[in-house]
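Each remark here refers to the structure printed beneath this line.
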Amino acid sequence: MKNRLRVLRAERAWSQAVLAERLEVSRQTVNAIETGRYDPSLPLAFKIAELFGATIEAIFEPDR
Amino acid sequence: MIEEDRPTWWDHVKAHSGTEADRRNQYRFLAWTFLWAVVFLAATLLLRNGIEAPWSWAVAIVPIVLAIGPLASYVRFLRQADELIRMIQLEALAFGFAAGVVFATGYQLLERAGAPVIATGDTVVAMMVGFLVGQLMAIRRYR
């Protein structure tokens with residue numbers, strides 16, 4: 001699954017560590033999501049969407 | 001400007017530990033495991049030195065009961081773990097379990113074919129090795 005997490009994080013000048021802390025996950029989780037190696041759970045996807053004030057669809061896009 | 005903070009290999013090794021809560025839970029699990037191992041070793045030595053019933057039964061049962069500690073602390077760690085850490089652990093557990101089953105069933109055939117007879121407890125070693133290999137593979141996959 002593709003996502004805009006890295007771009008959204010960069011717009012706010014947050015490091016992966018800062019984003020991880022805000023999402024209450026490990027930095028490795030943030031890195032794995034950003035690189036597309038790991039798809040977050042639905043609760044975490046909602047948390048990410050809420051944090052960035054966007055919908056899940058605006059952040060995540062399924063592979064076609 | 002996107003901050004470049006791609007983790008190093010050492011960060012990946014540390015990825016086992018996850019969040020601060022994960023680290024606390026892992027230390028708790030390791031402490032329980034260490035305690036269990038010491039008691040298991042002591043019980044083995046006592047039983048080898050010919051301790052007699054009924055004490056031999058008591059000595060044998062203590063490490064079995066104490067094994068609840070590592071088990072419960074690992075389940076707690078898994079339930080509370082960061083979701084990527086949990087995924088890595090689950091994949092490693094699946095790999096370890098499969099390694100144990102394959103070793104236990106496969107070696108039976110090898111023994112019949114002429115391989116040296118080994119203790120059934122050696123399956124545990126295969127499971128542990130499988131678990132460690134599974135962890136390394138999962139960490140590599142999600143890095």
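The values are calculated or read from the model by the stated rules, or taken from the named source; none is laboratory data. Remember, predicted model here, so these are calculated numbers, not experimental data. Quick reminder, even Gly has a Cβ in these numbers, built from the backbone with ideal geometry, and neighbours come from all protein chains shown. The area values use the complete protein model at the heavy-atom level, side chains included, leaving out ligands, DNA and RNA. Shrake-Rupley method; radii C 1.70, N 1.55, O 1.52, S 1.80 Å.
Some points to look at:
- Against the main long axis of the alpha-carbon atoms of chain B, helix B:68-80 sits at an angle near 20°.
- Environment charge of B:Gly134, counting only residues whose C-beta is closer than 13 Å and scoring Lys/Arg +1, Asp/Glu -1: +1
- The mean number of partner chain beta-carbon atoms within 10 angstrom of a residue's beta-carbon across peptide A:27-36 is 6.
- Once the Cα atoms are used to define both axes, helix B:20-48 deviates from the longest principal axis of chain B by about 20 degrees.
- Solvent exposure ordering (accessible area, 1.4 Å, most first) of B:Thr120, B:Thr105, B:Thr19: B:Thr120, B:Thr105, B:Thr19
- In order along the range B:129-143, phi translates into HN-Hα couplings of 5, x, 4, 5, 5, x, 5, 4, 5, 5, 4, 5, 5, 9, 6 Hz, rounded to whole numbers, per the Karplus curve 6.51 cos²θ - 1.76 cosθ + 1.60 with θ = phi - 60° and x for Gly and Pro.
- Put simply, the convex hull of the Cα atoms in chain B casts, on average, a shadow of 11.7 nm².
- For the listed peptides B:44-51, A:1-8, A:32-39, a ranking on the average number of other beta carbons within 10 Å per residue, highest first, reads A:32-39, A:1-8, B:44-51.
- Translational diffusion coefficient (Stokes-Einstein; Kirkwood radius from C-alpha pairs) of chain A at 20 °C, 1.002 mPa s, in µm²/s: 186
- Between A and B, buried accessible area from a 1.4 angstrom probe totals roughly 1600 Å², ignoring ligands, DNA and RNA.
- Compared with the dominant Cα axis of chain B, that is its longest principal axis, helix B:55-66 is turned about 10°.
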